Amino acid sequence: MSNYKKTTEADSLYNDIDKMSTIELLKNINTEDQKVALAIEKSIDSIERLVDAIALKLINGGRLFYIGAGTSGRLAVVDASECPPSYGVTEDLVIAIIAGGQQAMFHAVENAEDNLNQAWLDLMSYQISEQDIVIGIAASGTTPYVIGGLQKCQENNIITGSISCNYNSLLSDSANYPIEVDLGPEFITGSTRMKSGTAQKLILNMISTSVMVKLGRIEGNKMVNMQLTNKKLIARGVQMIIEQSDIKDYKSAEALLKKYGSVKKAVESLIITK
């Protein structure tokens, strides 16, 4: 912690933002946004190590937990909630916990992120164990809710990862697999929903997508296990079956898809019956 520098709170590079024209605002925000992916590129090795650790846990029957507060928690909920429909996994494989509970998705919950003990209590409600792995997400790297959760995990031999946008933070000290991305000051001083939020979303995309690929939930470049929750996805699934089998008419492929519930199972049924 001796070298800790909280760049997420550093003064913006831009002065008199309130006097900028619309085009100036948009161009300057875009300039800052372009820095995000390049900053993440420097952390690819750290992300790789965490992905491999997660995949190993999940292959052996464990679960992935995200814990976060505010914007970080909301981004975690979004990522976790998209895994079942996209990859056909169960809803209890990737679980996101946000400080303050479900209501915090839509409304700020006073002091929720300041409780050092609550994240562990929230995790215990899921009967968390050494089989599982937990990622703490906090732009500042100083959120007590997240730090306390990871510290208790480590005390109980549960592997941890972290995502933060400051170097050498307390959060990183509490993680077996820390990911740190230095983005420089936000466009508006301290507004970490901007570049920091974008970085966290991109990293979560990288983690969950890579893990699902390693779990065999993707074939080629297709989501063959996706849930058929709307007409667009059914049409996409039908096209996959047509491309991967001898069935070439839409109605037959659609009937097969609806019978088996996923592209993967539908195509496998054709192989078995040959």
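Computed from the coordinates by the stated procedures, all read-outs in this text should not be read as laboratory data. If you're wondering where the values come from, they're calculated on a predicted model, not measured in any experiment. We place every Cβ from the backbone using ideal geometry, glycine too, and count neighbours over all the protein chains shown.
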- Estimate the FRET efficiency between residue 222 and residue 189 by the formula 1/(1 + (r/R0)^6), using the beta-carbon distance for r and 51 Å for R0, to the nearest 0.05. 0.70
- Note on the structure: Out of 70, 61, 148, a Gaussian network model of the chain with alpha-carbon springs under 10 Å gives the largest mean-square fluctuation to 61
- Message: Given Cα positions, please report Rg to Rh for the range 64-203, the hydrodynamic radius being the Kirkwood one.
- Response: 0.94
- Task: Could you name the lysines whose alpha carbon sits less than 23 Å from that of residue 35, not counting residues in the same chain fewer than 8 places away?
- Result: 5, 6, 27, 195, 201
- Message: I need the calculated FRET efficiency for the pair residue 125 and residue 154, taking r as the beta carbon distance and R₀ as 22 Å, to the nearest 0.05.
- Response: 0.70
- Task: Could you work out how far helix 144-155 tilts from the main Cα principal axis of the chain, as a 0 to 90 degree angle to the nearest 10?
- Result: 70
- Note on the structure: For the range 231-273, the charge dipole (Cβ of Lys, Arg +1; Cβ of Asp, Glu -1; about the Cα centre) points to a positive end, and the Cα of 234, 263, 250 closest to that extreme belongs to 234
- Query: Among 89, 102, 143, whose Cα lies farthest out toward the positive end of the dipole of the range 7-214, if unit charges sit on the beta carbon of Lys, Arg (+1) and Asp, Glu (-1)?
  - Reply: 89
- Karplus-derived 3J(HN,Hα), 6.51/-1.76/1.60, for each residue of the range 113-121, Hz, glycine and proline x: 7, 8, 7, 5, 9, 5, 4, 5, 4
- Dividing the helical contributions, -39500 (n - 2.57) per DSSP H run of n ≥ 4, by the residues of the chain yields a 222 nm value, nearest 500 deg cm²/dmol, of -15500 deg cm²/dmol
- Query: In degrees, nearest 10, range 0 to 90: what is the angle between the Cα axis of helix 263-273 and the longest Cα principal axis of the chain?
  - Reply: 30
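To the nearest 20 debye, what is the magnitude of the charge dipole of the chain about its Cα centre, counting +1 on the Cβ of each Lys and Arg and -1 on the Cβ of each Asp and Glu?
With Lys and Arg at +1 and Asp and Glu at -1, about 1240 debye.
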- Could you work out the mean projected area of the convex hull around the alpha carbons of the chain, in square nanometres to one decimal? 17.6
- Query: Dividing the alpha-carbon radius of gyration of the range 231-273 by 2.2 N^0.38 Å (N being the number of residues), what value is obtained?
  - Reply: 0.97
- Query: Points 7 angstrom from Cα along the Cβ direction at residue 235 and residue 251: gap in nanometres?
  - Reply: 1.9
- Multiply the residue gap between residue 202 and residue 38 by 0.36 nm, knock off their C-alpha separation, and tell me the result in nm, one decimal place. 57.9 nm
- Item | Calculated FRET value between residue 167 and residue 270, using beta carbons and R₀ = 41 Å, to 0.05 | 0.20
- residue 214 and residue 78 label points (each 7 Å along its Cα→Cβ direction) are spaced in nm at 2.4
